[in-house]
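Taking it in order: structure first as C-alpha cells, then the write-up.
No value in this document is a laboratory result; all are computed from the given coordinates. All figures in this text were calculated on a predicted structure; none of them were measured in a lab. Glycine gets a Cβ as well: all are built from the backbone with ideal geometry, and neighbour counts include every protein chain shown.
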Amino acid sequence: DRYQEGQTIYDIDFNFIENYDPHPFGCGFNVIDHMTHNVYRGRMGYWAEYYEKLFNFKEIRYFDIKGEYTGLKSKAMTAPDGRIRIPLNEEASEGTGQIEEFLMAYNGEGIQHIALETNDLISSWDLLKKNGVPFMTAPPDTYYEMLEERLPGHGEPVEDLRTRGILLDGSTENSDPRLLLQIFSESLIGPVFFEFIQRKKDNGFGEGNFKALFESMERDQLRRGVIDPS
C-alpha cells in the first residue's frame with residue numbers, strides 16, 4: 001500500500017542483511033521425533049481410537065507412572081511407517097497433577113511438548129544454553145551415581161551428562177548398548193515445553209526416565225505451590 005518510483009516493496013519495507021546464511025546450523029536438531037498429547041482423565045481411549053480410525057495409528061507403548069504425590073497414564077501411538085509418534089497422557093487420579101495443570105493452563109486438551117532429535121545432544125545443549133533456553137530442574141546427583149548400576153557398560157560421559165542435567169535410558173544387554181539421551185526445557189509457549197533427545201539405537205520414550213522426569217516436574221510444582229504435600 002506504499003509505492004515509490006523506482007523501488008519495490010522489498011526496498012521500502014525490508015532491510016537487507018549482508019552475509020546471511022539461508023540455511024543456518026541452528027542447534028543441530030534434525031527432525032521432530034514425537035509430540036505428546038495431554039487429554040482429560042478418562043479420554044485416552046477416545047483419542048487412541050481417533051488416531052487408529054482416522055490415521056491407522058497403532059499402540060506401541062503403555063506406561064502407568066506414579067510419583068510421590070500424583071501419577072499419570074501414557075499410551076504411545078505411532079503411524080504405520082513409524083515416523084509420526086504421539087504419546088497420549090492422562091491424569092491417573094483426580095487432583096492437581098502436571099497433566100491437570102496443563103489442561104487448565106491450555107484451556108483444554110492439546111500438545112504438551114514437542115520432541116526434537118539431534119545427533120549430539122551434549123553439543124546441542126551447549127548451543128541451546130548459549131541461546132538462553134531454560135531447562136527443567138535436573139535430577140539429583142544420585143540419579144547419575146546409579147547410572148552404571150542401571151545401565152552397566154553404557155559408555156556415556158556421566159560427568160558431562162550430570163553437569164547438563166541430561167537423562168540416560170535404554171538397555172545394555174548382551175554388551176550392545178541401545179541408548180536414549182534426553183532433556184526437557186521449561187514451559188516456553190504457554191504451558192508447552194520442548195524435549196531434546198539423541199537416539200543411539202533406542203526407539204523408546206525414556207521409560208526408565210519417566211519416573212525421574214515425573215518426580216522432577218513434581219518438585220517444580222511443589223516449588224510453585226501447585227501441589228500441597230500435606
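Couple of notes before you dig in:
- Cα gyration tensor, the stretch 25-148 - rounded (a/c under 1.5), prolate or oblate: oblate
- Qualifying lysines (Cα of each under 24 Å from Cα of Lys53; at least 8 residues distant if same chain): Lys73, Lys75
- Options Thr172, Ser93, Ile12, ranked by Cα towards positive dipole end of the chain, top entry (Cβ charges): Ser93
- Between the listed residues Ile122, Ser187, Ala105, the Cα displaced farthest toward the positive end of the dipole of the chain, a dipole computed from Cβ unit charges relative to the Cα centre, is found at Ala105.
- Relative to one another, the C-alpha centroids of the stretch 6-58 and the stretch 72-125 are positioned 15 Å apart.
- Mean separation of Cα contacts under 8 Å (6+ apart) over length of the stretch 73-114, as relative contact order %: 26 percent
- Size of charge dipole - the chain - debye, nearest 20, with Cβ of Lys, Arg +1 and Asp, Glu -1, no other charges: 460 debye
- Three-way shape call for the chain based on the alpha-carbon gyration tensor, with the a/c threshold at 1.5: prolate
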